[in-house]
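Data block below; observations after.
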Amino acid sequence: MKFDYTAVNRQNKTVSGELEAPNKAAVSQSLSKQGYKPLLIKVHKSGFDPNNIQLHLPGTQRVKTNDLVIFTRQLSTMINAGVPLVRSLATLRTQTASRKLQEVLEQVGKDVEGGVNFADALEKHKSVFGTIYTNMVRAGEAGGILDEILKRLALQQEKDASIRKKIRGAMAYPTVLLGITVIAFFALMLVVVPQIGRIITDLSEGAAGLPPYTRFMLALSDFLVNYWYFIIALLVGGGFALRRYIKTPKGRARFDALLLKIPIVKTLVAKVAIARFARIFSSLMGAGVSVLESITITAGAIGNKVIERELLEAGKAVTAGQQLSEPLSQSQLFPPIVSQMLAVGEETGQTDTILIKVAEFYEEEVDTLVESVSSLIEPLMIVVMGGMVGLIAASVLGPISSLSQNIR
C-alpha cells in the first residue's frame, strides 16, 4: 500500500512525501529509522495524473531469464560481501538493462526499507519472481544463508533455461523445413497444378482418361483454389480454439496426458520433468524448506499436469508417514533409479546432494536425446518434402508422358 506522510526531520523542518509499506506501523518505523518524527500518516488516494501515463510496448514488460540470473548472482555476491540488502537492491536496479526489473526492484527496495521481509516483498511480483524463488529466499532469510540460496537459485535458473534453449534450438531447423514444405505445397497446388491440369485435361479429352492419383491431385487443387479462404479461416480458428482449450485445466491435463503417449515425445517430456524435479526439489530441501512444502512447490513447477498429480499423490503418502521414495518406487513415470537414489539420500540425510547428481544425469540424457531426435527429424523432413514434390510431379508428368507416346 502507498501512504502519504508528514514528519519533522532532524533540523525540525516539516517534510511530506509518499512511502509504500504494508501498514501504518511499518511507515512509522521506516521514518523513525531515517531520523524523522511522524506527524501524520494516511493512505494515499490515487487519482488520474496525466504525468504518470506511461506507454509500454508489447514485449518490453517481460523480465528475461538472463536478466534475472545476473541479478540473482550479483545480489548473492553483494550480500556475501556484507553490503546491506537495501543498498544492494538500489545498486543492482541501476545496473540492470531491463526496465521492468528496474521498476520491480524499486518497489521491492521500498518495501524492504519499510520493514517488509525480502521474501514478502518479492512475493508481490509473482510474474517476475515465482513461487520457487520466493520460498527459497524465505528459507534463506530464516536460516541466515541468503547468499548461498541465491547461488542455488541462479544455477537452477541457468540449467532450466539451458534445457529449454537446447530443445528450441533442436526444433528450429525442422520447423523451418516444415514451413518451407507447407509453402511449397500450397504454391504448387494453387498456381502450378491448375494451369498444367487444364492442359492435361484438354489433351486427354476429359479427366476420365487420367490416372486415379492425377485425378485426385487435380480435385484437391481445385478444392484449394475455390475454398482457400475457408481453409485459412478453419486453420486459424481451430488453432485459436485449441490454444484456448489447452489453457483450461481440463484441456491442459488432456494435452499433457497425450504428450506422454507419443513414443519419442513421451521419453523427452519425462526426462525433462525428472531433471527439473530433481534440481528444484534438491534446491528447496537444501534451503531448509519442509518436505511437504517442497513436494507441493516442485509439483507446480514440473510443467506437466499428469506428473504434477502423481507428485501430489506421493505427498499424501508422505503425510501418512511414508518416505517419498516409497510412492515414487511404484510410479510408472519415474524410473527406478530415481526412487533408489532418493532412498539413499533419505537414509544418509543427503537428499539434496543425491538429487543434484540425479538432475545432472538426466540433464545429460536430455541433451543426448535432443541431439538424436534432431538428427532423425532433419532427414525425415527432407524425405517428406521430396516425397510431396515427387508425388505432385508424378501426377502431372505421368499423363504428359502417356500423351506424348500416344501422339507418336
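The values are calculated or read from the model by the stated rules, or taken from the named source; none is laboratory data. No experiment lies behind these values; they were computed from the predicted model shown. Because the Cβ atoms are built from the backbone with ideal geometry, glycine has one as well, and the counts that use them run over all protein chains shown.
A few notes on this one:
- ASP222 meets each of the listed conditions (1) touching a residue at least 40 places away in the same chain (Cβ under 8 Å); (2) of a type in the set (Asp, Glu); (3) farther than 30 Å from THR134 by Cβ apart from (1).
- Residue within the range 263-274 that is surrounded by fewer than 13 Cβ atoms within 10 Å (Cβ to Cβ), within 30 Å of LYS357 (Cα to Cα) and not acidic (Asp, Glu) present: yes
- Test: GLN54 is out of contact with any strand residue (DSSP E or B) (no Cβ under 6 Å at 6 or more places or on another chain), surrounded by 12 or more Cβ atoms within 10 Å (Cβ to Cβ) and modelled with pLDDT under 70: no
- When restricted to residues that are among the aliphatic types (A, V, I, L, M) and surrounded by fewer than 14 Cβ atoms within 10 Å (Cβ to Cβ), the range 145-179 contains 2.
- When PHE185 is tested against (1) surrounded by 14 or more Cβ atoms within 10 Å (Cβ to Cβ); (2) at pLDDT 85 or above; (3) of a type in the set (Phe, Trp, Tyr), exactly one condition is not met: (2).
- VAL366 vs. criteria in a helix (DSSP H, G or I), of a type outside the set (Ser, Thr, Tyr) and closer than 24 Å to GLU313 by Cα: no
- Leading residue by the ranking (surrounded by the most Cβ atoms within 10 Å (Cβ to Cβ)) among those in the range 127-144 that are of a type in the set (S, T, N, Q) and at pLDDT below 80: ASN135
- Residue among LEU369, LEU376 that alone is in the same structural domain as THR175 (by TED's automatic domain parsing), modelled with pLDDT of 80 or more and out of contact with any Cys (no Cβ under 6 Å at 6 or more places or on another chain): LEU369
- Some residue of the range 245-255 being polar (S, T, N, Q), closer than 27 Å to ASP160 by Cβ and part of a loop (DSSP other than H, G, I, E, B): yes
- Scanning the range 33-46 finds no residues that are within 21 Å of GLU141 (Cβ to Cβ), in a helix (DSSP H, G or I) and modelled with pLDDT of 85 or more.
- Qualifying positions in the range 336-359 - under 28 Å from the mean Cα position of the chain (by Cα) and surrounded by fewer than 16 Cβ atoms within 10 Å (Cβ to Cβ): PRO336, ILE337, THR353, LYS357
Residue by residue, here is whether (1) surrounded by 13 or more Cβ atoms within 10 Å (Cβ to Cβ); (2) within 28 Å of GLN157 (Cα to Cα) holds:
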position	(1), (2)
LEU234	no, no
LYS247	no, yes
ARG252	yes, yes
PHE255	yes, yes
LEU284	yes, yes
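- Considering the range 59-172, the qualifying helices (runs of 4 or more DSSP H), each wholly inside and each with 2 or more residues that are acidic (Asp, Glu) and farther than 24 Å from SER283 by Cβ, run over 99-113.
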